[in-house]
1. Could you please find all residues in the stretch A:392-426 being closer than 23 Å to A:GLY158 by Cβ and either surrounded by fewer than 18 Cβ atoms within 10 Å (Cβ to Cβ) or modelled with pLDDT of 90 or more (or both)?
2. For the stretch A:828-840: of the residues being surrounded by fewer than 23 Cβ atoms within 10 Å (Cβ to Cβ) and not acidic (Asp, Glu), which is nearest to A:LEU817 (Cα to Cα)?
3. Step by step: first the residues of the stretch B:281-297, then only those that are in contact with a Gly (Cβ under 8 Å, 6 or more places away or on another chain) and assigned to a loop (DSSP other than H, G, I, E, B), then the one that is surrounded by the most Cβ atoms within 10 Å (Cβ to Cβ). Which residue is that?
4. Taking interchain pairs and intrachain pairs at least six residues apart, which have beta carbon atoms under 9 angstrom, with the first residue in the stretch A:923-941 and touching a residue at least 12 places away in the same chain (Cβ under 8 Å) and under 26 Å from A:TRP909 (Cβ atoms) and the second part of a strand (DSSP E or B) and aliphatic (A, V, I, L, M)?
5. Go through the stretch B:123-150 and report how many residues are away from every other protein chain (no Cβ under 11 Å) and touching a strand residue (DSSP E or B) at 6+ places or on another chain (Cβ under 8 Å).
6. Of the conditions (1) away from chain B (no Cβ under 13 Å); (2) of a type in the set (D, E, K, R); (3) assigned to a strand (DSSP E or B), A:ARG457 fails just one. Which one is it?
7. When the residues of the stretch A:641-677 are narrowed to those that are in a loop (DSSP other than H, G, I, E, B) and small (Gly, Ala, Ser), which ends up farthest from A:ILE565 (Cα to Cα)?
8. For A:THR229, which of the numbered conditions (1) out of contact with any Asp or Glu (no Cβ under 6 Å at 6 or more places or on another chain); (2) in a strand (DSSP E or B); (3) away from chain B (no Cβ under 14 Å) fails to hold?
Amino acid sequence: MKRIIFILIAVAGVVAGASAQDTARVAVTITGTVLNEQKEPLQGVTVAVKDQPGLGISTNENGGYSITANKYQWLVFSYVGYEQQEVLIKDALRINVTLKASEQKAMDEIVVTALGRQKKATVTGAITTVDLTTLKTPTSSITNALAGNVSGVLAMQGSGQPGSNSSEFWIRGISTFGAGTSALVLVDGFERSLTEINIEDIESFTVLKDASTTAIYGSRGANGVVLITTKKGKMDKVSINGKYEASYNTRTFTPQFVDGYTYAGLMNEARVTRNEEAFYTPEDLTLIRNQLDPDLFPDISWMDMFLKPGAVTQRTSLNFDGGGALARYFVSGSYINEGGMYETDENLKNYNTNANYKRWNYRANVDMNLTQTTLVRVGVSGSLGKQNLPGGTYNEIWASLMGQNPISIPIKYSTGQVASRGGAEKQNPWVLITQQGYIENWENKIQTNVTLEQNLRFITPGLRFVGRFGYDNNNKNYIRRMKWPEGWIAERQRESNGDLRLRRTITEQLLTQTSDATGDRAETLQGELHYTKTLKSHTLGGIVQYTQEKKVNTSNYGTDIMQGIERRNQRLAGRLTYGYQSRYFFDINFGYNGSENFATGHQFGLFPAVSGAWNVAEEKLIQENLKWMNMFKIRYSYGRVGNDYIGGSDNQPIRFPYLAEFTSTAGGYNWGDLESNNSYSGLTYSRIASNTITWEVSTKHDLGLDFSFFNDQFSGALDYFHEQRDGIYMERQYIPDIVGLRGQDPRANVGATLSKGFDGQVKFSQQINKLTLTARGTMTYSRNEILEADEQYSNYPYTTRAGFRVNQNKGLVALGLFKDYDDIRNSPTQNFGRVAPGDIKYKDINGDGTIDDNDIVAVGATRYPNLVYGFGLSANWKGFDASVLFQGAGKSSFFINGFTVYPFSQGDWGNILTDVVNSNRWILGENEDPNATYPRLSYGGSANNYRASSYWLRESSYMRVKTVDAGYTFPKVFTNRMGIKTMRVYFLGTNLFTFSKFKMWDPEMNSTNGQAYPLAKTFTLGLTVNL
Amino acid sequence: MHCFFVFILFFGSFFYACKDKDLIREDKYDPGKPTVFSDFSPKKGAIRTRLYIYGDNFGTDISRVHVYIGERELKVVGANGKQIYCWVPGQTSTGQVRVVIDGDSGTPVEHTFNDPFTYIKSTTVGTLVGNVDELGNSSIVDGDFENARFSYPAWVTYEPESNVLFVTELDRAVRRIDLNAQMVSTLITNGQAAFTKMQTTTLSANKDTLFLSDDNGNLTSRTKVAVAYTLRSENYRRVHPYIYDPACFSTAPHPVTNEMFYNGLQGIGIKKAIPDPVTGELLPKLLFRVGGSTNQSSLIFFHPSGNYAYIVSYTRIYKSIYNWETRELEPPILFAGSATGGDVDAIGTSARIGRGYQGVFVKNPAYAGQADEYDFYFCDQNNQSIRTLSPAGVVSTFAGKGSPTPDGSVKGYIDGDPRKEARFADPTGIDYDAQRKIFYIAERDNKRIRTITVE
């Protein structure tokens, strides 16, 4: 806070000082009109006196203006979509200006790379620059907008729970089975989280994918890098942007469960078909159907009862920026409130048990020119996120909602007792959601950074120094206040007088509490020297960067001294660039990193990368003959990137593995006699030193093409990549005992993976009269393979990890269901318990006549998608705009399991999905189809049927209408009268339709049993106002 | 700024449109329409019969609905507008079915069906006495049947002359249940008369002497009383020592000769009390060991004819013939069950028993004229059931294990039809009132005395 005040005072001082200087001069009033090239008057053009931000005005409907200024000051005319013009005030008091429509060419496009801004045409590495207008999400996290929008990124959203609904994403897929697969995210040059960032604060969003662009990050760049820069103030009069949107969230898929009568019928079937007694008598079934016994046969649809049809999310943001030549500012604040879908008890006035996430974000970026050559940037940003959750945990609630069958318990018995089958997930969902207290999580983040940019042209022209310091502070807090009433369950039979006979299943819990808090802090210090020189057609550039980082975390380490030590990193990085005539480009990048995790001699790693590009379109021959070709650049890069993250959690990583740890032995050695114990314990290894481990290295090749044709109407980029990860850290788990390591597995750089694939994006735009149409598409495909892993020899090569994908699904191969007993007799023996016709028949892979674990092979792909694509269309016509984005994912599959899909596998615990009833199910004497979707029912689980096998493997590929939006920008004539520059109302729909073969729950959701907070389908109305 | 305001208003209405669902069912009774009573079913039934009334516009609020058979009010369980579901309790007699539905205005709708409901008496499992607190705990509490409690009832002996039950709370006490006065009292507890661990009780052949056996904890020395007795003539109040011996688990006075047979722990020794020719003091005589070197408790039950006794020891039932010549029991043969436990109804050694405990011989009218007219009813503690052993050696399940829970548990506390509905929890004591045809069952876990009876 002190910092902000200080900055504000500093800004105010600078502004005041600036105006005091100018009052001595002669004031004149300037009038004039502003026209466009078609000689039409432009309304709303900002006319300002340079360096005096407060003095700006707008032109009227005739394009006229009148402003007071001093002679020999500059007037600045600026308007969105036009190039800015500056005019010096001399003697003339009438200044008419014609503004030229701005035109951005692909050649001139600026992109942000690791070491600063660069013309896109000169880039030799593989990067994706994200068009921020295409990132649309009504949720609190920008990560949910990445899939299908950003080439090179594979993303997946696992849950829809407010505050926990961000997507996991990987750049070019998962390329290691070792620790750490996530990308490095840098905001304004500092490692920060992407989840909390406010989308309106982002100025640029870049994904660095290949070795040449990430080599300078050395130790951290192996999984790709996301670079974000936040907005800065512009030298202009103050501009205020406000946005408000409200969303109604429903669910893309809600798992559907059978009603009580169907459930009871299925349960009887499951028992009778296995020669067990039916559980419900015909009379019971009649009672269930007629709903005559609300205590013993309640028939409750738990999902409908405790999930609202939808919830509301509200989001609002406000930012303003402006400034003059000496100082510029950008200040923003935003607020989001994501509502939860649980049906909670509104009568609880004192506290709320619904899931809910609120977040307040703020950011202040101030740039100050201290001298002609010195620029200081100060940025302060932060967020406060508050998550509220019901007292039952996420897993308990979803297991309970789907585990309670419709007739097991009512909510309350007619005698007033609360019904419950026990604690945790066996608890009544009503108790878990409304009666069990609530959980509060909140996370504060404060990020501060100062950047100093010093132009060293007094030493030599083209030399520049940039120094950065960042200090980030996070703390996370958790408090759970919990209680529950005593729970009862009714015996199946009433007492002889008809009363219920209740048995207590759980005693009352009085108010209790658990809490936790963790905090961490990160400091980064960075210095850079930039040098650029242009000699005729030759452009030379060089950058040297030194970085040191430290991070410390206090996550209840207690007496663990090792974890309490700050984690430090040091690196020296550099780049040399050479360009000839905007045709040939050649870069050398390197990172020289030190890591605390390796022993002396293994600590430092050099990660070089070379890259080159040839812009064919700039060749004379092409320029003359193929005029439509604006850019055609072929790129290639090769390099090595390292990783020193060995494993452990983010808060408690494995540290200093080159050091051994000792512990005293239990019991010890008895130096005395049998009768007189005189034991002394000695020391023994609790960790063997792995003193030769060193960097895990990823060798990356990237062949790419950037193109832009027909006056930039058709543009795009395509990349093929080939990455090999070597020296992946693994525990050596198959060292023979005779080596004498006492069960302590050392670590070594033994694993290797290869990942290949392509990503690309294309864009086509066409102007038809006043209608602008843009079509775009992206695709990312990655396929990896484990080359080597620490594993023991197997006679059956297909049982090893090597040769298959990372996280490859493995299971038995199902050949359908057994037709009859003859079929069972004539098939290989299945050693998973008794089988009957209608049970799953497996393939004997190794031909040894029995089905066992040696018959488990790779089936399907991986749970995480290996292919993500998106394509969309947008149109603009006058004030109207509309766009649609389709997004899909493929090459992914998963095994479904658990009590929701294996009917009655846990007895009467587990509700039955309607899919079981509606699909082709094997029924004794009725439908003995060997290709049925569900095998013969069984009560209490069938060890044979409920194994991971291709029978239960499901394709999770999908395609969905990810976003649809339509907006209308009010005519300027109308809005200017209210003093508003632009005003737009819009509708945004997300996940409106999903097409997938898998229909039980959302195929994107990372769940094998559907027990998760469903993903949201949202309808949003919003308004943006720009003053 | 107005736009914001309008916008917020618009969305405000949005929030309030989604209202909370009501968890309570509303009454669907329509006072504007007549209530129709068309029929009821079934027309006859026993205790625990589910009776349905059919018609229209009954409403769903069961607190307004009253159903009677004759003057007996039934428990109304549910109503869905077109059906009323109610429950026939015990002690009902055949009568007209009458339905009363209270109206808002205070004038109830009433209907009496023409057909009567015929009440049938049936065999059911019921509860005689005992209860537990909400935590399932209990202790030794004397008093009337409403309040009395048991802590660990394991054995029951019915004394027909005074219509009294003696219940042994294993290792704790012997209780007396006066069935006429419906009162429970404590006859004797540990510590009184040097009792340490009371095991079982039996009555002499003429039913006037109650023998009490005590696992006195001794293994070899004859320093403590193993069997004591009390007399009806003294209202069972005074305890007299019968024989000094190491631990005794059960006594079996011969039903004809009144000789005392009893058992000890070591090697499952079966003993007979023989008077010293000089002093008249009773001395033990070891007849044989049942289990070889096994140290295990056993229980002895004499057939009413005195021709043989069953020796029940865990998973096995032995048969020992009484030798009228030597007036001793002969070494037994394994008659039913086997060394391995289980729950299988079958004949002889193919049958499997969990843990056999107290048993009682009950005359079976179907055997009239045969050499042996009695079935042996015994408790199988681990299998939560009451089982029978026929003279031919067939073991079958008589009561318990009804209406299992969805996870297959058959232990519990449920009354009703002996096989279809009733459940027991560790039943170990059983005796039979042959005159009134009532079984009395003591359950350790339910801490109750249950009955199996035809109303």
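1. Residues satisfying the conditions are A:THR393, A:TYR394, A:ASN395, A:GLU396, A:ILE397, A:TRP398, A:ALA399, A:SER400, A:LEU401, A:MET402, A:GLY403, A:ALA424.
2. Pass one, the stretch A:828-840, residues surrounded by fewer than 23 Cβ atoms within 10 Å (Cβ to Cβ): A:828-829, A:831-834, A:836-837, A:839.
Adding the requirement that they be not acidic (Asp, Glu) leaves A:828-829, A:831-834, A:836-837.
Working: A:PRO828: 14, A:THR829: 14, A:ASN831: 16, A:PHE832: 15, A:GLY833: 15, A:ARG834: 14, A:ALA836: 9, A:PRO837: 7 Å.
Filtering the stretch A:828-840 for residues that are surrounded by fewer than 23 Cβ atoms within 10 Å (Cβ to Cβ) and not acidic (Asp, Glu), the one nearest to A:LEU817 (Cα to Cα) comes out as A:PRO837.
3. B:VAL290
4. A:ALA932/A:LEU817; A:ALA932/A:ILE923; A:PRO935/A:LEU817; A:PRO935/A:ILE840; A:ARG936/A:LEU817; A:ARG936/A:ILE923; A:LEU937/A:ILE923
5. Final tally of qualifying residues: 17.
6. The single condition A:ARG457 does not satisfy is (3).
7. Among those residues, the one meeting the criterion is A:SER676.
8. Unmet for A:THR229, out of (1) out of contact with any Asp or Glu (no Cβ under 6 Å at 6 or more places or on another chain); (2) in a strand (DSSP E or B); (3) away from chain B (no Cβ under 14 Å): (1).
The values are calculated or read from the model by the stated rules, or taken from the named source; none is laboratory data. Keep in mind that what you see is a predicted model, and the values were worked out from it rather than measured. Counting neighbours? That spans all protein chains shown, and the Cβs are built from the backbone with ideal geometry, glycine included.
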